[in-house]
Amino acid sequence: MNTTPTPTPALAPTPAPRIAIIGAGPGGLTCARVLQRHNIDVIVYDGEAGPDVRNQGGTLDLHEDNGQIALREAGLLEEFFRLSRPEGQEMRQLDPEGTIVFHHTPEEGERFKPEIDRGDLRDLLLDSLALGTVRWGHTLTAVEGPAEGPRRLHFADGTVAEADLVVGADGAWSKVRRAVSPALPEYSGVSFLEAWFHDVDNKHPDIAELVGRGSAAAADGERGLFAQRNSGDHIRVYIFQRVPVDWITTGGLTIEDTDGIRALLLERYRDWSPTLRRLLTDNEGRYVDRPINALPVPHTWEPDPTVTLLGDAAHLMPPLGVGVNLAMLDAAELALAIVGSDSVADAIEAYEKTMLPRSHEMQERLDHGAEQLLSTELPDFATDDDSH
């Protein structure tokens, strides 16, 4: 009689989940980088044709208590410090007459929130990823399939991909959000115009002196200006006003009518100092219209085992210095939850358990925060013993 025990059939290994991140901004790329550091495969889809098809925008300050934590998890913190501009932490607050009413100068070695150009940050993250991680030219149109997965991603070029986890890192007008929430951004009542100044030390020395090495802001309760030095001898100015969202067209203008918009701005800022009014008139090129939108407060959704959101897709808020920092912290925490969980559903549950309360708290703090941009009050840190 054969007494040799029958071997137990080996269980087939559980296949690794197929992870698709939609959006190659700082949040999506941070999530991909942390996953790859832990040997987890991921694909990032982005609608742009390539990484260099447009200017990525102005400068960002990455905070010690969120954005920098994410970069540490990505293994990129020291490289960030090499690229960043700690002198960009300088901040000047002026009144409409051009008088400085508050001036913060960073101390030597201060690293609480150094500045980095958005394009430089994106390049840092892109260069850290495995070749071919980002699939350019893939504009998402819909997420379909059962909640338990797999999910089907439909792109504008007609292609379809499947994923076991879809991460919406696709910003304010997220297509991924539609799979879990009907919420849409709403206009805040405050709108930006963006203006650019180049070769400022030579061509605009008065403006360069006004702004200094960091940023300068002024407001009168109804309108304001925020000027921000970027690398490469550039300055961006944000002109913000409490106006209807269609204020340009109702004024009989188009965004291409630079002279007409400039004349209207000069009228609206007629009581401001001539020096500050040069921020309205001496810019190079067209203005860029940027209405400020925000998601409802709080924004939440029923848990989904195969879809989650991060950054502006989850909690779009007024631009008061927290957006990219929260997006990158979301991204790192989601990636680490995936690393430490037995399933995608468990990872999403663990991630959202932390992310949603944090974002709700910040949303409530910044609810109607666009109004703060117009306030004549000094920033909170101007009267705090700890300038951070």
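Values quoted throughout were computed directly from the atomic coordinates according to the rules given, and no laboratory measurement underlies them. Quick caveat, the model's predicted, so the values are computed rather than measured. A quick note on method: Cβ atoms are made from the backbone with ideal geometry, for glycine too, and the neighbour counts reach across all protein chains shown.
Mean separation of Cα pairs under 8 Å and 6 or more residues apart, divided by the residue count, gives the chain a relative contact order of 22 percent.
Rounded to the nearest 0.05, what FRET efficiency do THR99 and ASP289 have when you use their Cβ-Cβ distance and R0 = 30 Å? Calculated transfer efficiency: 0.50. Taking 28 Å as the straight-line reach from the Cα of LYS113, the lysines in range (excluding those fewer than 8 positions away in the same chain) are LYS353. Checking the a/c ratio against 1.5 first, then a/b against b/c, what shape does the Cα gyration tensor give for the range 31-109? Judged from the Cα gyration tensor, the range 31-109 comes out oblate (a/c at least 1.5, b/c at or above a/b).
Annotation: amide H-H contacts under 5 Å for ALA142 (H modelled 1.01 Å from N, sequence separation of 5 or more, or interchain): HIS154. With the cut-off at 1.5 for a/c, could you classify the range 187-293 from its C-alpha gyration tensor as rounded, prolate or oblate? Taking the square roots of the gyration eigenvalues as a ≥ b ≥ c, the range 187-293 is prolate. The residue list SER341, PRO303, HIS360 was ranked by how far each Cα lies along the charge dipole of the range 261-365 toward its positive end, using unit charges on Cβ atoms, and HIS360 comes out on top. Take every DSSP beta bridge with both residues inside the chain and express the antiparallel ones as a percent of the total, to the nearest 5. Just about 75 percent of them are antiparallel. With θ taken as phi - 60° and the Karplus curve 6.51 cos²θ - 1.76 cosθ + 1.60 applied, the whole-hertz 3J(HN,Hα) list for the range 176-191 is 5, 3, 4, 6, 10, 8, x, 5, 10, x, 10, 5, 7, x, 10, 10 Hz, x standing for glycine and proline. For the range 103-205, the relative contact order comes to 14 percent (Cα pairs under 8 Å, sequence separation of at least 6). Span-like helix criteria (full DSSP H runs; alpha carbon extent of at least 18 Å along the helix axis; mean Kyte-Doolittle hydropathy of at least 0.0) are satisfied in the chain by 323-340.
The range 18-51 and the range 170-216 have Cα centres separated by 24 Å.
Net charge dipole, the range 187-293: roughly 260 debye, given to the nearest 20, about the Cα centre with Cβ charges of +1 for Lys and Arg and -1 for Asp and Glu. Post the alpha-carbon centroid distance, the range 247-311 to the range 317-356, in whole angstrom. If we compute the Cα centre of each part, the gap is 29 Å. With helices as the sole contributors, the chain gives -8500 deg cm²/dmol at 222 nm; each DSSP H run of n ≥ 4 counts as -39500 (n - 2.57), and the sum is divided by every residue.
Modelled label positions at GLU144 and THR354, each set 7 Å beyond Cα in the direction of Cβ, lie 3.6 nm from each other.
Which of rounded, prolate, oblate describes the range 188-229, given a ≥ b ≥ c as roots of the alpha-carbon gyration tensor eigenvalues and a/c under 1.5 marking rounded, otherwise prolate only if a/b is larger than b/c? Prolate, because a/c is 1.5 or more and a/b exceeds b/c. A simple charge model with +1 on the Cβ of Lys and Arg, -1 on the Cβ of Asp and Glu and nothing else charged puts the dipole of the chain at about 900 debye relative to its Cα centre. Of the trypsin sites (Lys or Arg not before Pro) in the range 224-296, the ones in a loop by DSSP (not H, G, I, E or B) with at most 16 other beta carbons within 10 Å are ARG270, ARG286. Selection among ALA332, VAL288, ILE261 by position relative to the dipole of the range 227-343 gives ILE261 as farthest towards the positive end (Cβ unit charges, Cα centre). Candidates LEU76, PRO114, ALA179 compared by Cα position along the dipole of the chain: farthest toward the positive end lies ALA179, with charges placed on Cβ.
The ASP246 and ARG268 beta-carbon pair, evaluated with R₀ = 22 Å, returns a calculated FRET efficiency of approximately 0.85.
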